[in-house]
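This report refers to the structure that appears directly beneath it.
All of the numbers you see were taken from the coordinates with simple rules; none came from a lab. It should be emphasised that the depicted structure is a prediction, and the values quoted were computed from it without experimental measurement. Glycine gets a Cβ as well: all are built from the backbone with ideal geometry, and neighbour counts include every protein chain shown.
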Amino acid sequence: MKHPEREEPTGPGAPDDETDQAEAPTGPAPEVAPEASPEPLEAHPPAEGREAALEAELADTKDRMLRALAEVENLRRRSARELEEARKYAITGFARELLEIDDNLSRALGSIPQRAADEIGFVKTLAEGVAMTQKALAACFERHQIAKVTPEIGERFDHNRHQAMFEVESNQPPGTIAQVLQPGYVIAERLLRPALVGVAKAPATQAGEPQASGDAPGERIDRTA
């Protein structure tokens, strides 16, 4: 007996060979990146080398720290010194102006005859008042480290403290002070005003010959003979 051939269903429910079959992918196959091989580990330096490097770094850091501390200390000392000098010499200009007042008080006392001061009452009172004023000014100078420099006759001429106004023949050795015209002053060991002096010179051996010191008579000098 022959079986009838099975007919494939048709219609809306029939399978569609073209649509139901999965489409095969087209184009080249994607490339697969090769796995990265692990990098070799760096070789660690020996322990002795690390210790030497650390010790060198520590020594360098210590040296830089000591240098910084030394610079700070030098700056502190310099600032303290500058502050002290500013405190000492801040009144230099004002003190120099007061010196003229002291000079005038000395001239006023020197112009009063001793006999008039002894016999005339108001002259004596005036002289005492001027002397007291000068004494108070001297005390003020002392409080601010201002000292009078009065050279001695026969003292060696010092160009750091004296100013020579002229040369004069004298029985004093050449190059020494023969006359004091005006006293000088210092403030805290710094010259405030030089003393004005006349300096002795060597006498001429014969008339018309140059002086032994090599300077012309009456020539002003400002050096040590």
*Decide, for segment 92-144, between rounded, prolate and oblate: order the square roots of the alpha carbon gyration tensor eigenvalues as a ≥ b ≥ c, take rounded if a/c falls under 1.5, and otherwise choose prolate if a/b is larger than b/c, else oblate.*
prolate
*For labels at E97 and M132 in the simple 7 Å Cα→Cβ model, what's the distance in nm?*
2.7 nm
_Peptides 75-81, 141-147 ordered by average Cβ neighbours within 10 Å, highest first_ = 141-147, 75-81
*asked:* Taking amide H atoms as placed 1.01 Å from N in the peptide plane, list the residues 5 or more away in sequence, or in a different chain, whose amide H sits under 5 Å from that of Q163.
replied: A195, L196, V197
*So what are the ³J(HN,Hα) numbers for segment 79-93, from phi and the Karplus equation (6.51, -1.76, 1.60; θ = phi - 60°), rounded to whole Hz, Gly and Pro as x?*
5, 5, 5, 5, 5, 5, 5, 5, 5, 6, 9, 5, 9, 4, x
*Estimated distance in nm for a label pair at R81 and D118, the labels positioned 7 Å out from Cα along Cα-to-Cβ*: 5.7 nm
*Would you work out which of V186, L126, Q163 lies farthest towards the positive end of the dipole of segment 44-190? Charges go on Cβ: Lys and Arg +1, Asp and Glu -1.*
L126
_Ranked packing of 168-178, 110-120, most packed first, by mean Cβ within 10 Å_ = 168-178, 110-120
*Along Cα→Cβ, 7 Å out, is where each label goes; now give me the distance between the ones at E152 and V72 in nm to one decimal.*
5.2 nm
